[in-house]
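Let me begin by presenting the structure, written as structure tokens, before commenting on it.
Every number in this text was worked out from the coordinates using simple rules, so none of it is lab data. In this text the structure is predicted, and so the values were computed from the model without any measurement. So basically every Cβ, Gly included, is an ideal-geometry build from the backbone, and we count neighbours across all protein chains shown.
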Amino acid sequence: MKAKIIKIEEKDSKYGGFFYFIFFKGEDGKSYRTCVYPRYGNFKRWRPVIEDFIKNEIKEIWLTGLVVKGKRLIDADSLFTVKKEVLV
């Protein structure tokens, strides 16, 4: 599946530390989300995407190869590819 990141929120974890909610708009027009924890191994894939969206302010980030599991939930272990566009 292909989807655009529309928002990323950093939240405190009740187990200590923090995690990220990442919200998407799929090319099908539906909304999706995933949760990413810095303590998990898959975070190394997500870190550059999160940093670009939050810190580098790249607001047009599309991911392809996302796997939907459950009701509008993206599998955080998806092996995605990234397409970025800088908005001027």
Among the aspartates and glutamates, which have Cα under 17 Å from the Cα of K11 when same-chain residues fewer than 8 positions away are ignored?
-> E51
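Return the loop-located GluC sites (Glu not before Pro) in segment 4-88 (DSSP other than H, G, I, E, B) with at most 12 other Cβ atoms within 10 Å of their own Cβ; answer none if there are none. Can you show the working numbers first?
On the way: sites: E9, E10, E27, E51, E57, E60, E85; in loops: E27, E57.
Filter output for segment 4-88: E27, E57.
Among K14/K59; K2/K30; K30/K55, which pairs are too far apart, with a Cα-Cα distance over 19 Å?
Numbers: K14/K59 29 Å; K2/K30 11 Å; K30/K55 26 Å.
From K14/K59; K2/K30; K30/K55, over 19 Å: K14/K59; K30/K55.
In what order do T34, T64 fall by count of nearby beta-carbon atoms within 10 Å, going from fewest to most?
So the ranking, lowest neighbour count to highest, is T64, T34.
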Loop-located trypsin sites (Lys or Arg not before Pro) in segment 7-76 whose Cβ has at most 10 other Cβ within 10 Å (DSSP) = K14, K55, K71
Looking at T81, T34, F53, which one has the Cα that reaches farthest to the positive end of the dipole of the chain (charges on Cβ: Lys, Arg +1; Asp, Glu -1)?
-> T34
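Could you list D75, D28, D52 in order of exposure, starting from the residue whose Cβ has the fewest other Cβ atoms within 10 Å?
Working: D75 14, D28 10, D52 17.
Fewest to most other Cβ atoms nearby, the residues stand as D28, D75, D52.
Kindly identify the chain as rounded, prolate or oblate by the Cα gyration tensor criterion: order the square roots of the eigenvalues as a ≥ b ≥ c, call it rounded if a/c is under 1.5, otherwise compare a/b with b/c, prolate if a/b is larger, else oblate. Don't jump to the answer; show the numbers that get you there.
Values: a/c = 1.63, a/b = 1.17, b/c = 1.39.
Here the chain falls in the oblate category.
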Determine the calculated [θ] at 222 nm for the chain from helices alone, applying -39500 (n - 2.57) to every DSSP H run no shorter than 4 residues and normalising by the residue count; nearest 500 deg cm²/dmol.
-> -4000 deg cm²/dmol
Going fewest to most other Cβ atoms within 10 Å around each Cβ, L63, L73 line up as L73, L63
Nearest-20 debye value, the chain charge dipole, Cβ charges on Lys, Arg, Asp, Glu = 240
Relative contact order as a percentage, the chain, C-alpha pairs under 8 Å and 6+ apart, gives 29
